[in-house]
Amino acid sequence: MKFEIANNVILSYKRLSYEPWYAFAEFVDNSTQAYFHHKPDLDPIFKKTGDKLKIAIVYDRHADFIKITDNSIGMNEAELDKALKVGTPPDNPDGRSKYGLGMKTAACWFGNLWTLETKKLNADKAYKVTIDVNLIGHTEGETDLVPEVIDSTKEQHYTILTISNLNRKLVGRTLTKIKEYLGSIYRFDLQAGIEILWNGELLVWHGFDDELYTSPEGFKYKKEFEFEINQKPVSGWVGVLGRGFGSRKKAGFSIIQNKRIIQGWPTAYKPSSIFGEQEDGSNDLVNQRVVGELTLDKFSVSHTKDKIVWEDEEEDQLDTKLGQVCADARELARTLRFHADPVENPLPAIKEGALNLFTAELKSAQLSDYITTVQPFPEKIIESSFKNTSDKARGEDEPDLKVDIGSGNDIIHVNVYFNEKSEFEPYVLTETTIEDNKVVIIINMLHPHINEMTNEETLLNFFRHCVYDGVAEWKAIKLRGSIQPYTVKFLKDGLLRVPYQILTQDDASPAS
């Protein structure tokens, strides 16, 4: 008997559970690790030319391709041959390139046709090879790839990966998330001067140092620590975010390996000993203020490099130890109260500016034309169209947000989906079913109105109104048997008062 892996296994790579930012990270890992291995060769050249390591990622949805270009060391023919062998680890697997899988799995996940062109420093040839995933996947036995050999100068050094016939479209909020996540993942590289560009825009990472709490005496709270778990070193720091900087999105620990984020902002690691047993932490001040970084260089990592693979009781031991070393940070975050300076209330000026803008909008020719000319389709057609949009938006996907509110017979199951299919679909759709106490909210993240959401607060308030409209309608039907407008307004008024109640209750809670 023989244990064999058939070529058609690469057809399954498109179904791997990648997030797009981690798939792109596979290519950046290869570029940066090649640079780290050859710094003595590349740095003198960069210094002489005034250049630096640059990695450019371009995604063109309309032309249906992805291109990743770098000016790292490049590969010769033998190195390219090895890079195309699935599962053959690099000579030094202790860096960011570990398993000999990343480039191949990520490229196949993105698309069915990819071309790799590379030229190594001081070589006089460049090599270009094309991988047709469908062709290879339906071929038995070994697959011969014939590289194109290109004459070049010894001074050139680069790698260009082009992926086409893409398996998935990247749209809307996903594109913004890719840029934000990559900036977080490669924060150390960016701070060291490496340039990584997403569609021509330089990635940045601002960090948290300027946002940490500073005492009246000028002491910035940032505590460093070191210990071992299962004879593996753990190091890092914990801090408390200062006034105006705390948020659930920022809180938590970024897990680092080889100066590259494995898990971090904005979906950071939140050990229960600090943040509570609730998934993603409890809704309290600790979950808005405690922030930090953990370096876990010797721990195992998944082949997609997006999570630590814990061995034995490592995770529980780490959770317990962090609870001990971060106890004072947790207490500070829980009890710290910020008192506003006696400054003039800015609301009148803000209100006046907003009123002027809104008055101009109400008087606009565009609004007048819409009110004058709009002719809605018959109600049945609109209902059918909205239902079709709702069905397509949900598909078989899990909700982007799934929360149970209340208890007993009054519990409501809220499922929120983010629709990223078309800017022409409704800004929000709501489906309410009393029988199973369920409200489904579908928010169109491509709607033009979303483009006006310039920060976290404005988007938060938009989400509130969309979701609370649905919750208020559900409660009105449950209480009155139908949607009665004044009852809905009354219930939504109460819902919109809850955020302030949470804020004032947290601020008034006594220290213990």
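In the chain, the longest principal axis of the Cα atoms and the axis of helix 20-37 are about 40 degrees apart. Solvent-accessible surface of the chain, taken per residue with a 1.4 Å probe and all protein chains present: 57 Å².
Taking label positions 7 Å along the Cα-Cβ direction at both LYS220 and ASN356, the computed distance is 3.8 nm, reported to one decimal. State the percentage of accessible surface on the chain attributable to carbon and sulfur atoms; use a 1.4 Å probe and exclude ligands, DNA and RNA. The C+S portion of the solvent-accessible surface of the chain is 52 percent. Under the combined filter of DSSP loop state and at most 15 neighbouring Cβ atoms within 10 Å, segment 225-323 retains these GluC sites (Glu not before Pro): GLU277, GLU279, GLU311, GLU313. Using the Cβ-Cβ distance between MET1 and GLN324 with R0 set to 51 Å, the FRET efficiency works out to roughly 0.45.
Which angle from 0 to 90°, rounded to the nearest 10, does the C-alpha axis of helix 456-480 make with the longest principal axis of the chain? Relative to the chain, helix 456-480 is tipped by roughly 50 degrees. Within the chain, DSSP assigns beta bridges of which about 80% are antiparallel (rounded to the nearest 5).
Which of LYS54/LYS120; LYS67/LYS392; LYS222/LYS305; LYS39/LYS119 have a Cα-Cα distance over 19 Å? Result: LYS67/LYS392; LYS222/LYS305 exceed 19 Å. Compactness ratio for the chain: Cα radius of gyration over 2.2 N^0.38 Å (N = residue count) comes to 1.14. For segment 387-482, the calculated P(r), taken from all Cα-Cα distances in 10 Å bins from zero up to the bin holding the longest distance, is 15, 47, 31, 7 percent. Given R0 = 56 Å, the distance between the Cβ atoms of ASP391 and ALA78 translates into a calculated FRET efficiency of 0.60.
In this simple spin-label model, placing a label point 7 Å from the Cα along the Cα-to-Cβ direction at both LYS307 and VAL204 gives a separation of 3.3 nm.
Decide, for segment 80-197, between rounded, prolate and oblate: order the square roots of the alpha carbon gyration tensor eigenvalues as a ≥ b ≥ c, take rounded if a/c falls under 1.5, and otherwise choose prolate if a/b is larger than b/c, else oblate. Taking the square roots of the gyration eigenvalues as a ≥ b ≥ c, segment 80-197 is oblate.
Antiparallel versus total DSSP beta bridges in segment 378-512: what percent is that, nearest 5? Roughly 60 percent of the beta bridges in segment 378-512 run antiparallel, per DSSP.
The angle between the Cα long axis of helix 485-508 and the main principal axis of the chain comes to about 70°, on a 0 to 90 degree scale.
The values are calculated or read from the model by the stated rules, or taken from the named source; none is laboratory data. Being a predicted model, the structure only gives us computed values, none of them experimental. Don't worry about glycine lacking a Cβ; one is built from the backbone with ideal geometry, like all the others, and counts go over all protein chains shown. Accessible surface areas use protein heavy atoms only, side chains included; no ligands, DNA or RNA. Shrake-Rupley method; radii C 1.70, N 1.55, O 1.52, S 1.80 Å.
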